[in-house]
Amino acid sequence: MSLTITPLSPALGAQISGIDLSVEISVEQRDAIEQALLKHQVLFFRDQPLTPDQQARFAARFGDLHIHPIYPNVPETPQVLVLDTAVTDVRDNAVWHTDVTFLATPAMGAVLSAKQLPAYGGDTLWASGIAAFEALSAPLRQMLDGLTATHDFTQSFPLERFGTTAEDRERWEATRRNNPPLSHPVVRTHPVSGRKALFVNEGFTTRINELSEAESKALLALLFAHATRPEFTIRWRWQENDVAFWDNRVTQHYAVDDYRPQRRVMHRATILGDAPF
């Protein structure tokens, strides 16, 4: 079975066909997908009706899986979290973010499966941190390389939205204790390709440590706006049973919240990564 890889934009994104993700993929298929991910940063697969177990099995071919501390999951497959607008407040997804950068070793990637979609709306956008960094002027790239920034769990998961019941509050407080604010490089080097990418995101980054508060606020505003310019992004219009697989180390994404009161249900398996450098 040979893969067909169709690039979707200059900055990032490719659609892959010629593979069935519901069965155990071969070593050759895994390697081909990994190489496509390195090149295109986010991959899309149409018509892949996966069970949670099949989704977790596919994602686990690329690394160990993370169990999210806040979002609900599939009870039989806890490595697969559930983003269901009828159950959970998912407004934190409607902001540009890189997943779980509040961890010391943020996710390497994630596999997202569309289970139930609104009749219209509910697209997701991805942005390339590599394209954004390379488009900066040389003096700004030089200044940023070597700076660090604070990432905070509470930026996207505030207590007032995720601690509404006693059980939720207990879970939130435990997550806060286990995940205090920490620092990552503002510019991250991809551990495989060696390419550099902006590694700040509006969802979790609160300040640049080496700058004054005013300087940090101004520079982060510039970087947040720059990183999501249209030429660095791709927008995916979901169909039921679509699967997206993205390199979380060098991208951020935004789930457009434009479909209420329609319902949207997505399953995500998150692949653990390594410490940014």
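List of remarks:
- Across region 30-73, the qualifying residues are those that are open to solvent by less than 30 Å² (accessible area, probe 1.4 Å) and more than 19 Å from the chain's Cα centre (by Cα), and the one among them that is nearest to Ser156 (Cα to Cα) is Leu50.
- Of Ile25, Ile5, all but one fail to be farther than 30 Å from Asp152 by Cβ, part of a strand (DSSP E or B), among the β-branched types (Val, Ile, Thr) and in contact (Cβ under 8 Å) with a residue 24 or more places away in the chain; the exception is Ile5.
- First in region 75-89 and within 13 Å of His267 (Cα to Cα), second anywhere and buried (at least 16 other Cβ atoms within 10 Å of the Cβ) and of a type in the set (Phe, Trp, Tyr), Cβ under 6 Å, 6 or more apart: Leu81/Tyr71
- Pairs where the first residue, in region 198-218, is closer than 17 Å to Gln142 by Cα and the second is part of a loop (DSSP other than H, G, I, E, B) and open to solvent by 10 Å² or more (accessible area, probe 1.4 Å), C-beta under 9 Å, 6+ apart: Leu198/Leu136; Phe199/Arg249; Phe199/Pro276; Glu210/Gly146; Ser216/Asn209; Ser216/Glu210
- Region 109-163: number of residues that are more than 30 Å from Gln79 (Cα to Cα), assigned to a helix (DSSP H, G or I) and either among the hydrophobic types (A, V, I, L, M, F, W, C) or at pLDDT below 95 (or both): 7
- Among the residues of region 244-277, those identified as among the β-branched types (Val, Ile, Thr), under 21 Å from Ala94 (Cβ atoms) and open to solvent by less than 10 Å² (accessible area, probe 1.4 Å) are Thr251, Thr270.
- Residue count for region 109-132, restricted to those that are open to solvent by 20 Å² or more (accessible area, probe 1.4 Å) and not aliphatic (A, V, I, L, M): 4
- Some residue of region 211-232 being among the β-branched types (Val, Ile, Thr), buried (at least 21 other Cβ atoms within 10 Å of the Cβ) and touching a strand residue (DSSP E or B) at 6+ places or on another chain (Cβ under 6 Å): no
The values are calculated or read from the model by the stated rules, or taken from the named source; none is laboratory data. Since the structure is predicted, the reported quantities are computational estimates derived from the model, not experimental observations. Please note: Cβ atoms are built from the backbone with ideal geometry, for glycine as well, and neighbour counts cover all protein chains shown. Side chains included, ligands, DNA and RNA excluded: accessible areas come from the protein's heavy atoms. Shrake-Rupley method; radii C 1.70, N 1.55, O 1.52, S 1.80 Å.
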